[in-house]
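Written out below as structure tokens is the structure these notes cover.
The values are calculated or read from the model by the stated rules, or taken from the named source; none is laboratory data. Owing to the predicted nature of the structure, the values given are computational and were not obtained by experimental measurement. Heads up, the Cβs are rebuilt from the backbone with ideal geometry, glycines too, and the neighbour counts pull from every protein chain shown. Protein only, heavy atoms only, side chains kept; ligands, DNA and RNA dropped before computing areas. Shrake-Rupley method; radii C 1.70, N 1.55, O 1.52, S 1.80 Å.
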Amino acid sequence: MAGKKLWGGRFTGSTSELTERFTVSVDFDKRLYAEDIRGSLAHARMLARQGVIEEQDAVSIENGLAGIKREIENGAFKWNESMEDVHMNVEARLTELIGEAGKRLHTGRSRNDQVATDFRLHVAVRLADWMGRARELAAVLAERAGEHLDTLLPGYTHLQPAQPVRLSHHLLAYAQMFKRDCERIGDCLKRVKVSPLGAAALAGTTYPLDPDATARDMGFGARFANSMDAVSDRDFAAEAVFCASLVMVHLSRLSEELIIWANPGFGFVRLPDAFATGSSIMPQKKNPDVSELTRGKTARVFGDLTALLTLMKGLPLAYNRDMQEDKEPFFDADETVTLALTVNAAMMREMVFDAEAMRKAMAKGFINATELADYLVGKGAAFRAAHEVSGRAVALAQDRGVGLEDLSLDDLQGLSELIEQDVFEALDYQNAADRRETPGGTGKNAVRAQLADFKAWLEQAG
Ligand code: ARG
């Protein structure tokens with residue numbers, strides 16, 4: 001049975017239990033307790049400084065809130081579902097603990113600016129954490145790249161063998177994605193850290209509040225410009241979950257690559273035992289479940305983003321209760337992306353790369369055909385004509401079941417009289433990779449330079 005509500009003044013009847021069950025949010029928004037208390041502290045201090053409440057009341061409020069925080073953290077706090085949400089629970093307990101002064105805390109404030117404040121504080125903490133984890137994964141990838149400066153493998157386009165590349169180059173391509181994620185999250189943080197506190201219900205308030213001071217107190221970079229926007233804006237949550245979605249896209253691509261590489265047909269990696277699972281029936285199996293689930297969990301983060309965007313798309317100004325549905329998608333995306341970044345960094349740290357399997361795979365797909373064409377261009381042929389000759393060489397080698405480098409000089413000269421003994425140097429896989437020293441290319445010096453730049457970024461982002 002419902003107790004008397006904090007907002008119950010104009011009500012004579014009590015809330016039906018069905019309504020309570022349908023509207024309650026405390027079971028999930030209690031996660032915001034620390035931020036709720038932080039926001040209330042800033043508000044109370046500001047009220048006292050502005051002379052809206054007595055200094056003595058602000059001190060009681062501070063002490064009361066500190067006690068509540070301890071109660072919550074040691075499990076003694078009794079969450080009351082009929083109090084709807086975390087905000088009402090904390091406020092009701094405060095009044096229970098300190099009496100009259102507790103009832104003054106909500107002066108010049110509404111749950112509408114309160115919840116927006118708490119949520120922004122929470123999202124900001126989580127974004128900073130994601131950034132650290134994305135950076136850590138990027139650091140692991142860069143470290144592994146440093147170990148494999150000389151390991152070559154076939155690079156693919158259309159998942160068909162294309163040209164030889166360095167494994168370090170390949171790993172650094174993923175590191176670049178996670179670097180962009182860090183930068184994107186950092187940029188998003190600027191918009192998250194705008195304080196809505198002081199917007200009150202929607203129109204501002206008659207009390208002489210100082211929203212700049214509360215913004216500073218809470219570590220926000222700015223305060224709201226428009227009180228109606230302040231209480232109704234959830235762009236920050238959608239943007240944060242979009243950042244998480246792109247992180248998951250990158251993790252999912254890495255996962256797909258590892259799943260392919262772990263297949264014996266490729267055999268480019270051996271999964272560390274700690275990050276693989278076996279089959280209950282097939283003794284030979286070692287399954288890439290971490291990568292598969294990373295790929296799978298990407299779907300739920302996209303779902304969270306879709307939920308947030310759909311939630312907001314038809315809402316008139318300003319606050320609407322629909323917006324209570326903004327938290328669970330964020331929490332879900334947060335849990336998913338946090339764990340996914342962490343487990344993938346740990347797994348990549350221990351991933352075993354099989355350089356020999358990569359070397360063997362290079363001989364399969366004629367990935368030196370471009371080299372033959374470029375060689376002919378070097379001897380004076382036009383590129384299109386050279387492309388044609390190289391194509392015919394591939395057809396010949398394919399018929400014989402060998403690589404281009406296994407054709408005899410006679411065979412090759414039968415295709416073009418420009419070809420001489422030095423063609424075999426051009427066809428060498430190592431040379432093919434080493435020649436590509438354009439900036440950002442797969443040549444050894446180019447990759448070294450890329451790695452040095454990347455490490456400089458890691459330092460400054462660390
Ligand atoms: N539990 C609500 C939410 O999460 C808090 C704000 C409620 N405000 C209101 N006027 N009913 O959005």
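Okay, here's what the table says:
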item: Shape parameters for region 423-462, alpha-carbon atoms, Rg then Dmax in Å; result: 13.7, 47
item: Alpha-carbon gyration tensor eigenvalues x 5, square-rooted, for region 73-116, Å; result: 18, 15, 9
item: Estimated distance in nm for a label pair at residue 56 and residue 125, the labels positioned 7 Å out from Cα along Cα-to-Cβ; result: 3.3
item: Projected area, mean over directions - region 59-133, Cα convex hull, nm²; result: 6.2
item: Surface accessible to a 1.4 Å probe, residue 106 within the full protein complex, Å²; result: 50
item: Which of 454, 416, 370, positive extreme of dipole for region 355-462 (C-beta unit charges); result: 454
item: By accessible area with a 1.4 Å probe, ligands and nucleic acids excluded, highest first: order of 166, 359; result: 359, 166
item: Relative contact order for the chain, counting Cα pairs under 8 Å that sit 6 or more residues apart, in percent; result: 16
item: Extension reserve of the residue 249-residue 420 stretch, reckoned as 0.36 nm per residue once the Cα distance is removed; result: 56.8 nm
item: For region 287-439: accessible area per residue (Å², 1.4 Å); result: 50
item: Diffusion constant of region 91-140 at 4 °C, which comes from Stokes-Einstein with the Kirkwood Cα-pair radius and 1.567 mPa s, µm²/s; result: 95
item: Kirkwood hydrodynamic radius of region 76-204, Cα pairs, Å; result: 19.1
item: Geometric extent, Cα atoms of region 9-167 - Rg, Dmax (angstrom); result: 25.1, 79
item: Bins of 5 Å from zero: percent of alpha-carbon pairs in region 310-436; result: 2, 9, 14, 13, 9, 6, 5, 5, 6, 6, 7, 7, 6, 4, 2, 1, 0
item: Accessible carbon and sulfur surface of the chain relative to its total accessible area, %, 1.4 Å; result: 52
item: Cα point-scatterer Debye curve for region 370-462, base-10 log of I(q)/I(0) at q = 0.20, 0.23 Å⁻¹; result: -0.92, -1.11
item: Gap separating the Cα centres of region 395-429 and region 276-342, nearest whole Å; result: 52
item: Debye equation applied to the C-alpha atoms of region 137-179, log10 I(q)/I(0) at 0.25, 0.30 Å⁻¹; result: -0.81, -0.95
item: Orientation-averaged projected area, Cα convex hull of region 1-80 (nm²); result: 6.8
item: Kirkwood hydrodynamic radius of region 177-235, from inverse mean 1/r over distinct Cα pairs, in Å; result: 12.5
item: Cα-based convex hull, region 301-347, per residue volume (Å³, whole number); result: 61
item: Debye equation applied to the C-alpha atoms of region 314-385, log10 I(q)/I(0) at 0.14, 0.18, 0.19 Å⁻¹; result: -0.74, -0.90, -0.93
item: Range of Cα positions in region 206-280 per principal axis (Å), largest first; result: 71, 25, 21
item: 22 Å Cα-Cα reach of residue 103 towards lysines, excluding residues that sit fewer than 8 places from it in its own chain; result: 4, 5, 30, 69, 78
item: Cα extents of the chain along the three principal axes, largest first (Å); result: 100, 51, 38
item: Tail beyond 24 Å, pair distance distribution of region 158-290 (Cα, percent); result: 56
item: Calculated [θ] (222 nm, deg cm²/dmol) that DSSP helices of n ≥ 4 give over the chain, each run adding -39,500 (n - 2.57); result: -20000 deg cm²/dmol
item: Cα long-axis angle, helix 289-312 against the chain (0 to 90 degrees, to the nearest 10); result: 50
item: Cα→Cβ-extended label distance, 7 Å offset, between residue 147 and residue 379, nm; result: 4.2
